[in-house]
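The structure appears below as structure tokens.
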Amino acid sequence: MGRVPGRATLKEVADRAGVSIGTASAVFSGKSWVSPDTGSAVRLAAEELGYRPRARKAVRESGLIGFVSSVSDMFSPSNPYYAPVLSGAQQACAELGLSMTYEVVHPGGDRLPLCVEREQVSGLLVLSFAPDRDYLRRILDAGVTCVLLEHAVEELPVDYIRHDDETGGYLATRHLLELGHTDPPPAIITADDRIVPAARRLAGYRRALAGHGLRAPSSYVRRSDFSSKLGYEQMAALLALPKPPTAVFCANDESALGALDALRDRGLSAPGDVSVIGYDDVAMSAHASPPLTTIAADKELLGAQAVWHLVQRIQRPDMTSRDTELAVRLVRRRSTAPPPRRAEPVT
């Protein structure tokens, strides 16, 4: 049985023409950068396959948006931080009469998200993996509107939604300094600077120290992957230093929970021996032992705001890009306190 005219997909056209799906989309969108030879090859492939380009979908037409993240445990729906983000996005979709599909992708790879290749969605929410600029441009060239969560790619027509992480890092560190943890200064367990929220929290940490005329030694800045396992390992490394810190800012709650475990396994306690503060205020932080002082970020609002921005951008594709920061706040619990008193020298 032959192919029914118009049922071919843009991906099939791109494969036959030997180009990327973004390039094939650009041909039908009339992009000026496409060479005449490439345009001819794509149009010929479309004719052979019976492909009929679709008009760009309005959000109400498709009723479906996509939520994509990179292939990583850190950005999965089971993550205690990102699960509420996903939930907030789903709730906003329900209020607007929309559906949402979730997909993991390999940024920079040959394949675009399946929901893009199959022309199923009006727009995408792109979660915190600092996508390759060219990869994101290919998605945009396929006629799909994007909103980025927790990172920004300049000079592209997208919106950015993120928490005010530099202020959060500043608030966490200032809290420890005001408790008296100045000699030595607080340490930090953070993640790779390619993770934008981690880089911004580290900047806030350094700003708070500078405001008190302090600078932490390089051994006090520890790198993890935001997991409890590496939080444990980096706290152990801090405790093994000749002069261990009396306070540690963990740039997310999972690493802070691992840090608390490392203290317990060494017969130490928080805040009796070392104060520990986290970041995110995930659900389990209030039930840690001791309950974790942390920086609260409104995760559900992050997801919902991304949906609202996406719908507006789909309806008004020519609007200027918006960089929206959501406020964060300090939540004081029992894992932080003034530093332990030093024994007075015997005279």
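Proximity of backbone amide H atoms, modeled 1.01 Å from N, is registered between residue 252 and 279 at under 5 Å, excluding neighbours fewer than 5 places apart on the same chain. Spacing of the modelled spin labels on residue 264 and residue 37, each 7 Å from Cα toward Cβ, amounts to 6.6 nm.
Net charge of the neighbourhood of residue 327, taken over other residues with C-beta under 9 Å away and scored Lys/Arg +1, Asp/Glu -1, is -2.
Within a Cβ distance under 13 Å of residue 300, other residues only, what is the Lys/Arg minus Asp/Glu net charge? Net of charged neighbours comes to -3. Backbone phi angles across the stretch 205-218, fed through the Karplus curve with coefficients 6.51, -1.76 and 1.60 (θ = phi - 60°), yield HN-Hα couplings of 4, 5, 5, 5, 4, 4, x, 9, x, 10, 8, 6, x, 4 Hz in residue order; Gly and Pro are listed as x. Net charge in the neighbourhood of residue 216 (other residues with Cβ under 13 Å of its Cβ; Lys, Arg +1, Asp, Glu -1) is +4. Consider the candidate values (1) 17.9; (2) 21.1; (3) 22.7; state which one is mean projected area of the Cα convex hull in nm² computed from the structure displayed. After the calculation, the listed value that fits is (2). Solvent-accessible area per residue in the chain equals 46 Å², computed with a 1.4 angstrom probe and all protein chains kept. Note that the stretch 231-248 has calculated 3J(HN,Hα) couplings of x, 4, 5, 6, 5, 4, 5, 5, 5, 7, 5, x, 10, x, x, 9, 8, 9 Hz, one per residue in order, obtained from phi through the Karplus relation 6.51 cos²θ - 1.76 cosθ + 1.60 (θ = phi - 60°); glycine and proline are x. Restriction of the trypsin sites (Lys or Arg not before Pro) in the stretch 124-225 to DSSP coil positions whose beta-carbon has at most 14 other beta-carbons within 10 angstrom yields 194, 215.
Here the chain exposes an accessible surface that is 49 percent carbon and sulfur, computed with a 1.4 Å probe and the other protein chains kept in place. Amide hydrogen proximity for residue 328: with H placed 1.01 Å from N in the peptide plane, the residues at 5 or more positions away or on another chain lying under 5 Å are 164. Think of it as helices only: each DSSP H run of n ≥ 4 in the chain is worth -39500 (n - 2.57), and spread over all residues that comes to -11500 deg cm²/dmol at 222 nm. Where both bridge residues fall in the chain, DSSP classifies roughly 10% of the beta bridges as antiparallel. Of the trypsin sites (Lys or Arg not before Pro) found in the stretch 259-347, those in coil by DSSP whose Cβ has at most 11 other Cβ atoms within 10 Å are 332, 341, 342. Taking the chain as a Gaussian network of alpha-carbon nodes connected by springs under 10 Å, the highest mean-square fluctuation of the residues 154, 300, 233 belongs to 154.
The values are calculated or read from the model by the stated rules, or taken from the named source; none is laboratory data. Keep in mind the model is a prediction, meaning the values are calculated, not measured. With ideal geometry, Cβ positions are generated from the backbone for all residues, glycine too; neighbour counts draw on all protein chains shown. All accessible areas refer to the heavy atoms of the entire protein, side chains included, with ligands and DNA or RNA removed. Shrake-Rupley method; radii C 1.70, N 1.55, O 1.52, S 1.80 Å.
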